[in-house]
Amino acid sequence: MFGADRVHAHEQPAGLFASQEETRYSNRMPRVTEETVEHVARLARLSLSEEERRVFTRQLEEILDYAESIQNLDTTGIDPMSHAGLPGVLRDDTPHDGLDQESVLAVAPDASEGLFRVPRIIQ
């Protein structure tokens, strides 16, 4: 299963990102290339067509452009937030009784000896 073509995350092919040297000393994010998309697909063990690589490259570029536009916003005088929720809208975290095992397993597609049975996925 894991042969000589195995690629490790730390082994990025040369030119994985366009203009790496240029982006190193600026706030600009590295540009995504089709090679970047192919590298990530290989890490995820996905096979992409040429059209899919082009589409994903364009989509990732748009995502990075948006993230870059957010990163360039002037946040002077704005306090940092732990998350973007509104204050006071979260419910209290109070414990509640869970479901009993018998009623949950009664509606399970396949149960045995008090456990869920699932299809084997490892060969």
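For region 81-99, the criterion of a residue being β-branched (Val, Ile, Thr), surrounded by fewer than 10 Cβ atoms within 10 Å (Cβ to Cβ) and at pLDDT 70 or above is satisfied by at least one position.
If you take just the helices (runs of 4 or more DSSP H) that sit entirely in region 28-107, which of them hold at least 2 residues that are under 27 Å from the mean Cα position of the chain (by Cα) and free of Cβ contacts under 8 Å to residues at least 12 places away in the same chain? Step through it out loud before you land on a result.
Values: elements: 34-43, 50-71, 101-106.
Passing ranges, in order: 50-71.
Thr76 satisfies every condition listed in (1) at pLDDT 90 or above; (2) closer than 30 Å to Gly114 by Cα; (3) loosely packed, with under 10 Cβ neighbours inside 10 Å except (2).
The values are calculated or read from the model by the stated rules, or taken from the named source; none is laboratory data. Source: prediction; values computed, not measured. Cβ coordinates were reconstructed from backbone atoms using ideal geometry, including for glycine residues, and neighbour counts include every protein chain displayed.
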